[in-house]
Amino acid sequence: MMDFENELKSRTDRVDSILEKYLPEAEGPQKTVLEAMRYSVMSGGKRLRPVLMLETYTLFGGHDRVIEPFMAAIEMIHSYSLVHDDLPALDNDEYRRGRKSTHAAFGEAMGILAGDALLNYAFETVSSAFTIDQSPRTARAFSLFAKKTGIFGMIGGQVVDVETEGKTIPPETMCFIHEKKTAALIEAAMMTGAILAGASEMEITATGSIAHDVGLAFQIKDDILDVTSTSEVLGKPVGSDEKNNKNTYVKYYGLEKSEAEVELLSERALSDLASLPYDNPFLTELIKSLITRVK
Ligand code: GRG
């Protein structure tokens, strides 16, 4: 029987040390923004996206250092999205990961600049993968990573989310928001892992739909926890969706149906994963744990 918590800890520790290696030192004239970058990244998030990337890479037989810059970069992108999302012009949240959000700690201007810097540095970091592996896989992973995190991915979802706050929208629009805002980053993580490991076209496509389901389930669960959890457990304010008039699955369908949808999506992801000709028991357990997570 696998000790899941211990296995998870060893992976999140590895992510932390990779981030420590790739993040620039806080020194020189731009020290303040470098400190704000480190403050937002090195603050104990779940590290879900780099761990999913690594485990998908391992699933398809990957075992090289080329995955590391991509792992660091996806967490930088995730962190910048949180830093910017917390800004006064967006959600205006003062707490994140159990402490002051970056703009609350460093001021609004530094919050904006730290987010910008992390976004740009993520691509500087990914580009260093070419010094490890010059194969077309690295170029393809780079391109997918850029697309899924950009205007046709995560940023696109955030734009529609912001524009539709407080408005009644059709379910397809809500789906678009969640698919882009959250699932696209999970797709970037898992598909990058598959591509770099040399998975076949069919396997890359299958990985994309597993990641889509995991991402949507993750977002719906996030919306459920925003209603049912406490700020002590989450380390960020609860009730933020209602405060910001967000269109969430919970608002449209209620808690019970939302829980059922999380289970349905996760089950579908697990059965698609099980139908691949490879096995990674830890990845299976990780996806299962997302259904029952409390933060
Ligand atoms: C481009 C500004 C901008 C934002 C992009 C991702 C995003 C859109 C906004 C962040 C806020 C939000 C509710 C995102 C949805 C995805 C989500 C549930 C993020 C929280 O991720 P966790 O739970 O966070 O993995 P930790 O702190 O564990 O890393």
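Observations
- Search result, residues across the stretch 98-108 that are part of a helix (DSSP H, G or I), over 19 Å from the mean Cα position of the chain (by Cα) and either within 21 Å of residue 231 (Cβ to Cβ) or of a type in the set (A, V, I, L, M, F, W, C) (or both): 103, 104, 105, 106
- Tally of residues being away from the ligand (no atom under 14 Å from the Cβ) and out of contact with any helix residue (DSSP H, G or I) (no Cβ under 8 Å at 6 or more places or on another chain) across the stretch 109-132: 3
- Conditions (1) surrounded by 13 or more Cβ atoms within 10 Å (Cβ to Cβ); (2) within 14 Å of the ligand (Cβ to nearest atom): number failed by residue 239: (1)
- Search result, residues across the stretch 25-67 that are modelled with pLDDT of 95 or more and of a type in the set (Gly, Ala, Ser): 26, 28, 36, 40, 61, 62
- Residue 70 farther than 13 Å from residue 115 by Cβ, of a type in the set (A, V, I, L, M, F, W, C) and surrounded by fewer than 22 Cβ atoms within 10 Å (Cβ to Cβ): no
- The residues listed here are 231, 200; of these, the one that is modelled with pLDDT of 95 or more and exposed (fewer than 15 other Cβ atoms within 10 Å of the Cβ) is 200.
- Among the residues of this structure, residue 130 does not count as one that is touching a residue at least 40 places away in the same chain (Cβ under 8 Å), farther than 24 Å from residue 215 by Cα and of a type in the set (Phe, Trp, Tyr).
- Where residue 82 falls short, out of the listed (1) within 11 Å of the chain's Cα centre (by Cα); (2) surrounded by fewer than 19 Cβ atoms within 10 Å (Cβ to Cβ); (3) closer than 12 Å to residue 111 by Cα: (2)
The values are calculated or read from the model by the stated rules, or taken from the named source; none is laboratory data. Everything quoted here is computed from the prediction, not taken from an experiment. Because the Cβ atoms are built from the backbone with ideal geometry, glycine has one as well, and the counts that use them run over all protein chains shown.
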